[in-house]
Each structure stands twice: as structure tokens, then as C-alpha cells.
Amino acid sequence: MSFRAVRRAVTLGLVLIYCLMRAIVSRLSGPDTIERRAAWNHESTQTALKLLGVRMKVTGTPPSRGLVVANHLSYLEILVFGAAFKCALVSKTEVSRWPLFGTLARAGGTLFIDRSSRASAESVTEQIAERLKGTVPVLFFPEGTSTDGSKLLMFHSRLFTPAAEAGIPVTAAAVRYVPDDGSPEETLCWYGNQPFLPHVWRTLGGPNFTAEVEFGEPQIYPDRRTAARATHDEIEAMRSGQQVSESAEQLLASSS
């Protein structure tokens, strides 16, 4: 049994208890708003990552409003994006039942979507539209699933609809993980049919790593499909360390 994994698991459990107690106190002392939940989540995830020894490197300017879309590699993004900026996430329904991460997600105001249900997708789209009227950005993962990071999957466009129809800016964000021991990013990715808890245990017992988040510039798009294609190309370019591709630039120009 890895001592590092045990130590980090105990630390994570204690941090979660502390953060949830703060959440209860916060709700008793004032209105339960999405702004207060996002602030709580931001402070809580920053604390959790610091105590777990995860370093953050953020480039670009985190948006203060609008829609944010990102590539998806792992459950770690619940902590990483929460720590990077104040936001509300959209996650699959299963996340709400996960130990630790699900509790944090629910308390932080996450919207949960059943991707196999058209009714759920329509309901969450309406909820996103309401959230976008406020000052807390909404973040979702348009690939619809997590991957090993080797390739960016096609983006599903439905949840782009509220931003495109209301003329609200969309910001692309790319996340990558850099283990200290030089091992490939894939070792931190949770994808396919990997069991959840065994992967969490391996991650807790693994080397320290840096979570790198890069934000693009907010853009307004004429329709959801243009938004999906342009942000896909932008994130793909950021992941590869290149400039926005020519096709993405053309899409951005057509949306202005």
C-alpha cells in the first residue's frame, strides 16, 4: 500500500469535510446564490490542490462571464477548473454519485446532464441560458466524455445554443497535465472503461504534477455549430502549442 496515496487520501477527506462545513456556514449566513457557491468552490478547490501538492499554471485571462468550453481528460478537471476561476460546471449525471468529487460538484452548483436523455439535454440547455444572464461563467466539456488526450473528439454543439442565440461570448480553454517524473499525460487521464476508485487511488499514489490551463479570447458566434467548430480548432491548437489554425481564424472572422 502506497504511503503517499494514504496520506493524500486522508488529506483530501479532511479538506472535503472542512470545505463542506464552510459551505454550510455560508448558506446559514446569507442567501444561497450561484455567485456564493462559485466563490466557495473556487476557494475550496484551490485549498484542495495546494494540500495535495498539485501545482497550477494558468495562462490567458479567465473570463468573468459567458460560456467556457474545454477539453476533457479526467475527473481532475472538477478541481482544476474550479481552482482556475470562479465558474459553474456542467457534468454528466454520474458525477453527482461519485465519492468526494460528486459532493464537491453538487455543493459548487454544478448542473448535471444525462447525455442519453434528450429531455435532460433540453432542460440543462434552458438552465444554462438562465445562468448566462448572471455573472458566473458556465463551463462544459463539448466532447461529451473524457479521453486519453491523444486526440480531441468532435464537439457536440447543443449546449452552445444559449450563448449563440443571446450573443454571449464563448471562451475556449485547454487543460493538460505534466507529471514531475516525465511520465506521459495519459497516466493521469481517466477514460474508457477504467474503474473510478482504482484510478483515483493510483493518482493519489502517483508523482506530483502540474495542471496547465490556457484560456483563449472570448468570442461571439452566430450559431452553435460555428461555435463548436471554432472552439474545437482553437483548443486543438492550444493543446499542440500552436497558433489558432487558419480554419479556426476563418470561422472567428465570419462570426464577427
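Scanning the stretch 130-140 for residues that are buried (at least 17 other Cβ atoms within 10 Å of the Cβ) and either over 29 Å from LEU14 (Cα atoms) or over 15 Å from the mean Cα position of the chain (by Cα) (or both) gives ARG131, LEU132.
Taking the criterion of being part of a helix (DSSP H, G or I) and among the aromatic types (Phe, Trp, Tyr), the residues of the stretch 192-213 that qualify are PHE196, TRP201.
Exactly one residue out of GLY182, GLY205 is among the small types (Gly, Ala, Ser), surrounded by fewer than 20 Cβ atoms within 10 Å (Cβ to Cβ) and in contact (Cβ under 8 Å) with a residue 24 or more places away in the chain: that is GLY205. Within the stretch 126-144, is even one residue touching a helix residue (DSSP H, G or I) at 6+ places or on another chain (Cβ under 7 Å) and free of Cβ contacts under 8 Å to residues at least 40 places away in the same chain? Yes - at least one qualifying residue is present in the stretch 126-144. Please determine whether any residue of the stretch 194-201 is hydrophobic (A, V, I, L, M, F, W, C), at pLDDT below 95 and buried (at least 20 other Cβ atoms within 10 Å of the Cβ). Scanning the stretch 194-201, I find at least one residue that is hydrophobic (A, V, I, L, M, F, W, C), at pLDDT below 95 and buried (at least 20 other Cβ atoms within 10 Å of the Cβ), so the answer is yes. Taking first residues from the stretch 9-31 that are farther than 26 Å from THR203 by Cα and partners that are of a type outside the set (Ser, Thr, Tyr) and outside any helix (DSSP H, G or I), the Cβ contacts under 9 Å between residues at least 6 apart in sequence or on separate chains come to ALA23/GLY108; SER26/ASP32. Determine whether ARG115 is among the charged types (D, E, K, R), touching a residue at least 60 places away in the same chain (Cβ under 8 Å) and either surrounded by 16 or more Cβ atoms within 10 Å (Cβ to Cβ) or touching a helix residue (DSSP H, G or I) at 6+ places or on another chain (Cβ under 8 Å) (or both). Criteria not met by ARG115.
Against the test of being out of contact with any Ser or Thr (no Cβ under 6 Å at 6 or more places or on another chain) and modelled with pLDDT under 95, the options LEU52, LEU79 yield a single qualifying residue, LEU52. State which residue is nearest to ARG55 (Cα to Cα) when the search covers only the stretch 144-191 and only residues that are assigned to a loop (DSSP other than H, G, I, E, B) and among the charged types (D, E, K, R). Going through the qualifying residues, I end up with ASP180. Of the helices (runs of 4 or more DSSP H) lying entirely inside the stretch 1-111, those containing at least 2 residues that are within 18 Å of the chain's Cα centre (by Cα), surrounded by fewer than 21 Cβ atoms within 10 Å (Cβ to Cβ) and among the polar types (S, T, N, Q) span 34-52.
The values are calculated or read from the model by the stated rules, or taken from the named source; none is laboratory data. What you are looking at is a predicted structure, and each value in this text was computed from that prediction instead of being measured. Note: ideal-geometry Cβ built from the backbone for every residue, glycine included; neighbour counts use all protein chains shown.
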